[in-house]
């Protein structure tokens, strides 16, 4: 049994990254065809991208604050992870 083109790893990643609303439809509609780990990974990616999309509709000061907070959290997690090694 072959996988449809829209469920292939790179294509689905691209769809999640570029058009998250369509990715939600694809991911939720094909939940049974995806492994649980892969389903959660793509759902998480689509959710993060939608949150970034929604920042377009917020006022500039809030947008900058949210983006800086996200960057700070990501940097903190990376530093914390490297210290454990």
If I ask for residues that are part of a loop (DSSP other than H, G, I, E, B) and either touching a residue at least 60 places away in the same chain (Cβ under 8 Å) or in contact with a helix residue (DSSP H, G or I) (Cβ under 8 Å, 6 or more places away or on another chain) (or both), which ones from the stretch 43-85 would you list? 58
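Can residue 34 be described as assigned to a helix (DSSP H, G or I), out of contact with any strand residue (DSSP E or B) (no Cβ under 9 Å at 6 or more places or on another chain) and touching a residue at least 24 places away in the same chain (Cβ under 8 Å)? Explain how you work it out, then say what you get.
Numbers: assigned to a helix (DSSP H, G or I): no; out of contact with any strand residue (DSSP E or B) (no Cβ under 9 Å at 6 or more places or on another chain): yes; touching a residue at least 24 places away in the same chain (Cβ under 8 Å): yes.
No: the conditions fail for residue 34.
Which one of 26, 62 is under 24 Å from residue 5 (Cβ atoms) and over 11 Å from the mean Cα position of the chain (by Cα)?
Values: 62 fails: under 24 Å from residue 5 (Cβ atoms).
Answer to the selection: 26.
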Every residue in the stretch 1-31 that is part of a loop (DSSP other than H, G, I, E, B), at pLDDT 90 or above and over 26 Å from residue 70 (Cα atoms), please. 4, 8, 30, 31
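The values are calculated or read from the model by the stated rules, or taken from the named source; none is laboratory data. Everything numeric here is computed off the predicted structure, so don't read it as measured data. Neighbour counts are summed over all protein chains in view; Cβ atoms, including those assigned to glycine, are modelled from backbone coordinates with ideal geometry.
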